[in-house]
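Working notes, structure below.
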Number of protein chains: 2
Amino acid sequence: MNAVILAIGDELVSGQTVDSNSAYLARKLGERGIACGAHATLPDRRGPLSAGFDRAARDGDIVLATGGLGPTADDLTRQALADALGCGLTMDEASLAHIAELFDRRGRTMTDANRIQAMVPDLARPIRNEVGTAPGIYAELHGAKLFALPGVPSEMRWMFDHGVACHLPAGGGVILHHLVLTYGLGESDVGSRIADLMKRDGPLKVGTTAAAGLIGIRITAEGESESAAGDMIETVVADVRNRLGDVVVGRADETLAAVVLRLLRQRGQMLATAESCTGGGIGAMLTSVAGSSDAYAGGVVTYTNELKQSLLGVPDALLAAHGAVSEPVARAMAEGCRERLGVDWAVAVTGIAGPGGGSADKPVGLVHSAVAGPDGTTADRHVFGGDRQGVRTRAAYTVLNALRLRLVREA
Amino acid sequence: MNAVILAIGDELVSGQTVDSNSAYLARKLGERGIACGAHATLPDRRGPLSAGFDRAARDGDIVLATGGLGPTADDLTRQALADALGCGLTMDEASLAHIAELFDRRGRTMTDANRIQAMVPDLARPIRNEVGTAPGIYAELHGAKLFALPGVPSEMRWMFDHGVACHLPAGGGVILHHLVLTYGLGESDVGSRIADLMKRDGPLKVGTTAAAGLIGIRITAEGESESAAGDMIETVVADVRNRLGDVVVGRADETLAAVVLRLLRQRGQMLATAESCTGGGIGAMLTSVAGSSDAYAGGVVTYTNELKQSLLGVPDALLAAHGAVSEPVARAMAEGCRERLGVDWAVAVTGIAGPGGGSADKPVGLVHSAVAGPDGTTADRHVFGGDRQGVRTRAAYTVLNALRLRLVREA
């Protein structure tokens with residue numbers, strides 16, 4: 001069983017809008033044990049669209065398309081689908097009545113343009129849409145089941161749940177995904193330690209992804225049942241943890257910030273942040289976790305030297321002798337933050353995010369970080385690659401991970 | 001001239017990751033007058049990938065692919081491309097030396113796995129990568145120019161600018177995109193004021209997008225030259241500005257934070273932030289703009305009541321009488337921040353981001369914000385919809401926009 005997903009729209013092909021419908025539908029299919037073979041993004045043009053439907057129906061057993069069902073002149077999905085089926089379009093009276101009623105209920109006047117939305121290819125049938133005007137379309141082509149859904153994400157999701165899922169053939173099992181986050185090794189190092197697990201065939205697939213130094217190990221299992229797939233994943237996760245130890249950040253679907261907060265909460269301890277180059281980004285990461293106030297008190301953003309002195313008590317002499325981006329200043333920021341904000345732990349980051357401000361001695365990407373805790377202060381120095389945002393994100397991850405390791409190791 | 005974009009990765013096909021590289025590349029091609037015909041998303045499997053390269057090279061004059069150039073066993077782009085070209089892979093010594101040097105510079109040990117990244121199909125040549133380990137690959141297939149780039153967005157962007165753009169043929173004209181950001185009106189209100197401009201045919205297209213209360217007006221112009229397309233856009237932008245006044249946030253490609261910093265810089269004034277529910281997100285937005293230190297001094301994240309008192313001098317009695325999420329506390333936070341951090345302007349936000357913590361009186365989504373400046377303090381109250389991140393983003397935007405309007409109006 002193999003699915004193909006089509007996203008339709010000029011705004012998608014030209015890159016003005018990022019398509020998230022296709023990823024959503026792929027996940028939904030996976031939950032039903034149906035693997036997706038490929039996606040395609042097609043323009044609002046009748047010829048290429050019709051050819052795209054034809055190709056997708058030859059490549060897949062199931063085709064899910066989104067977009068191009070609106071009322072305006074650039075919405076050509078239904079015409080293109082009729083072309084691919086080799087038939088005409090006919091007004092579906094039930095769909096027309098539904099559209100008229102919807103306008104009525106919203107106190108708006110239905111325009112002639114909306115009538116086109118009730119047209120259905122003769123060899124297809126409409127799929128009802130209770131949350132918008134455009135009905136979907138169901139057809140069979142070259143033996144494939146083909147569903148055309150609206151592009152508006154909320155309508156697409158409703159129609160998948162209410163008009164598509166029940167008509168999907170059973171995929172012969174369940175596909176589960178699991179992500180194990182790691183920090184501290186490069187992608188190739190992680191890969192070499194789990195090389196034998198990264199086989200590409202069979203019901204279990206293991207792959208890696210990298211983002212700002214966080215390396216994710218993706219595990220996908222196809223099983224006959226949820227428990228069978230789940231067991232396969234559990235076995236691999238345990239194996240990966242054995243091999244990688246505390247390079248593994250946390251549990252499934254836990255962000256690095258969530259792990260740090262959980263470890264702090266287990267100890268009943270509070271954290272504060274002292275940020276320079278990250279400008280509040282570490283606080284924002286921590287507080288993106290619901291319930292973070294249990295373990296995160298707050299922090300300071302000391303972008304200027306004056307605020308490093310007045311808010312954190314970093315001595316003027318230290319700034320003069322070493323510069324704001326230095327290990328002594330990072331340590332003083334963390335210790336000043338811990339003391340002045342009255343918390344158990346404080347993390348501090350100072351660096352040069354770029355694009356300007358670098359020198360031979362202190363290049364763009366240089367970041368000094370420190371963690372102050374009950375048993376003293378530790379510091380790290382890194383030179384990160386990447387652009388301004390990349391350096392900032394890596395700086396945040398590296399100091400949160402340093403704190404995580406101290407919380408794990410100083411148990 | 002017609003381009004096809006390929007995004008490669010199991011995590012994309014299965015929907016675990018949303019692909020934004022393809023949209024980026026389509027926009028970049030459009031700027032050069034090269035229209036994109038379609039995108040496809042393909043799995044990390046050698047057969048389908050090789051077939052995908054073959055198909056794309058038959059469909060397009062230019063093929064841009066991203067992903068699958070990493071060092072691990074699931075990265076099969078170079079092998080699949082060699083299959084499509086009907087050749088083998090050979091080690092490129094210059095690329096290998098570059099990878100070794102990069103590891104050396106970062107103080108890490110190169111593994112054997114990374115050697116695969118220097119392998120190039122015999123009928124192709126490498127594209128240098130100064131910001132990561134994976135070189136890109138350039139080849140010609142069925143008369144099409146084919147570029148394979150890394151999937152890591154920052155590396156992909158660097159390589160497009162430095163190793164792809166200069167080799168692209170000139171398109172038959174120029175497609176320019178322009179985004180006018182607005183804040184303060186809903187999407188349908190904005191749409192109704194520019195309804196006559198939102199026509200779908202002809203060389204000029206106008207549409208709207210919405211994200212966390214920021215409504216963007218997208219303008220696309222196709223012209224014979226950059227100046228012809230630019231003139232068309234300028235005319236529409238002037239018209240839109242006339243109709244919408246200071247609902248329009250700033251210039252093209254300026255974020256709300258960048259506009260605020262520019263207005264402050266023009267006055268020689270400094271800003272600080274006092275954040276509760278946004279947890280540092282406003283500071284992170286401001287400092288994401290290069291050169292923000294000219295106008296942004298820093299701030300405090302006062303997530304607990306204790307820190308609101310100790311760092312900002314918010315009176316205990318005020319917190320007891322009104323609660324942390326209240327107008328008096330927002331005002332006291334902004335005024336305390338302005339005074340204690342010694343700046344001209346301070347913004348403050350306190351709210352309930354959810355999902356927990358709401359009540360009948362103070363529901364999830366309630367945000368009080370304040371702006372303290374040379375001429376006094378103003379405050380706003382909002383109840384935002386959306387999830388935790390949505391509420392936080394809207395809270396940040398609303399207070400930055402309130403500051404923007406004061407900077408514009410108190411000229």
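Any read-out appearing in this document is the output of simple, stated calculations on the displayed coordinates, not a laboratory observation. Source: prediction; values computed, not measured. In this analysis, Cβ positions are derived from the backbone assuming ideal geometry, glycine residues included, and neighbour counts consider all displayed protein chains.
Before moving on, here are some points about what is shown:
- Sorted from nearest, the other copies put their B:S359 label points 5.4 nm away, the label point being 7 Å from Cα in the direction of Cβ.
- Looking at chain B alone, DSSP beta bridges between its own residues are antiparallel in about 60 percent of cases.
- When the GluC sites (Glu not before Pro) in segment A:38-146 are filtered for DSSP coil states and for at most 14 other beta-carbon atoms within 10 Å of their beta-carbon, the remaining sites are A:E130.
- Taking only the alpha carbons of segment A:251-339, we obtain Rg and Dmax values of 14.4, 46 Å in that order.
- For A:S227, inter-copy separations between label points set 7 Å beyond Cα along the Cβ vector come to 7.5 nm, shortest first.
- Nearest-ten-degree value, helix A:388-409 long axis tilted from longest Cα axis of chain A: 70
- In this assembly of identical copies, the label point of B:P315 (Cα plus 7 Å along Cα-to-Cβ) is separated from its counterparts by 3.9 nm, sorted shortest first.
- Antiparallel bridge percentage (DSSP; both residues within segment B:52-204; nearest 5): 70
- For the options B:G136, B:G376, B:G279, a Gaussian network treatment of chain B with springs between C-alpha atoms closer than 10 Å singles out B:G376 as fluctuating the most.
- 11 Å beta-carbon shell around A:G279, net charge (K/R +1, D/E -1): +1
- When the charge dipole of chain A is built from unit charges on Cβ atoms (+1 for Lys and Arg, -1 for Asp and Glu) and taken about the Cα centre, the candidate among A:Q309, A:V164, A:I5 whose Cα reaches farthest toward its positive end is A:Q309.
- Summed over qualifying helices (DSSP H, 4 residues or more, each -39500 (n - 2.57)) and divided by its residue number, chain A shows a 222 nm mean residue ellipticity of -11500 deg cm²/dmol.
- Against chain B, whose longest principal axis is taken from its Cα atoms, helix B:327-340 shows a tilt of about 80°.
- Only one residue of A:G386, A:S14, A:L123 has its Cα farthest out toward the positive end of the dipole of chain A, where Lys and Arg carry +1 and Asp and Glu -1 on Cβ, and that residue is A:G386.
- Cα gyration tensor shape for segment A:164-310, rounded if a/c is under 1.5, else prolate or oblate: prolate
- Sparsely packed loop sites in segment B:328-411 (the GluC sites (Glu not before Pro) outside DSSP H, G, I, E and B with at most 12 other Cβ atoms within 10 Å) comprise B:E410.
- Local net charge near B:V131, Cβ-Cβ under 11 Å (Lys/Arg +1, Asp/Glu -1): -2
- Taken about its Cα centre, segment B:85-192 carries a charge dipole of roughly 160 debye when the Cβ of each Lys and Arg holds +1 and the Cβ of each Asp and Glu holds -1.
- Charge tally in the Cβ shell below 13 Å around B:I352, where Lys, Arg are +1 and Asp, Glu are -1, B:I352 excluded: +3
- If only the Cβ of Lys and Arg carry +1 and only the Cβ of Asp and Glu carry -1, the dipole of the protein assembly as shown around its Cα centre is close to 1040 debye.
- Taking every C-alpha pair closer than 8 Å and separated by at least 6 residues, the mean separation divided by the residue count of chain A gives a relative contact order of 10 percent.
- Annotation: average projected area of segment B:1-153 is 8.8 square nanometres, based on the convex hull of Cα atoms across all directions.
- The region of chain A that goes longest without hitting one of the trypsin sites (Lys or Arg not before Pro) in a DSSP loop, each with at most 10 other Cβ atoms within 10 Å, is A:109-411.
- Computed over the protein assembly as shown, Cα set: Rg, Dmax in Å: 27.5, 82
- Kirkwood Rh in Å, taken over all unlike Cα pairs in chain B: 24.4
- Normalising the average separation of contacting C-alpha pairs (under 8 angstrom, six or more residues apart) by the number of residues puts the relative contact order of segment A:179-250 at 38 percent.
- Candidates B:G373, B:G299, B:G47, ranked by Gaussian network fluctuation over chain B, Cα under 10 Å, top entry: B:G47
- Segment A:196-265: GluC sites (Glu not before Pro) falling in loop per DSSP and having at most 12 other Cβ within 10 Å: A:E224
- Taking B:V349, B:V289, B:V63 in turn, the Gaussian network model of chain B (Cα-Cα springs below 10 Å) assigns the largest fluctuation to B:V289.
- Beta-bridge orientation, the protein assembly as shown: approximately 65 percent antiparallel, per DSSP, counting only bridges with both partners inside.
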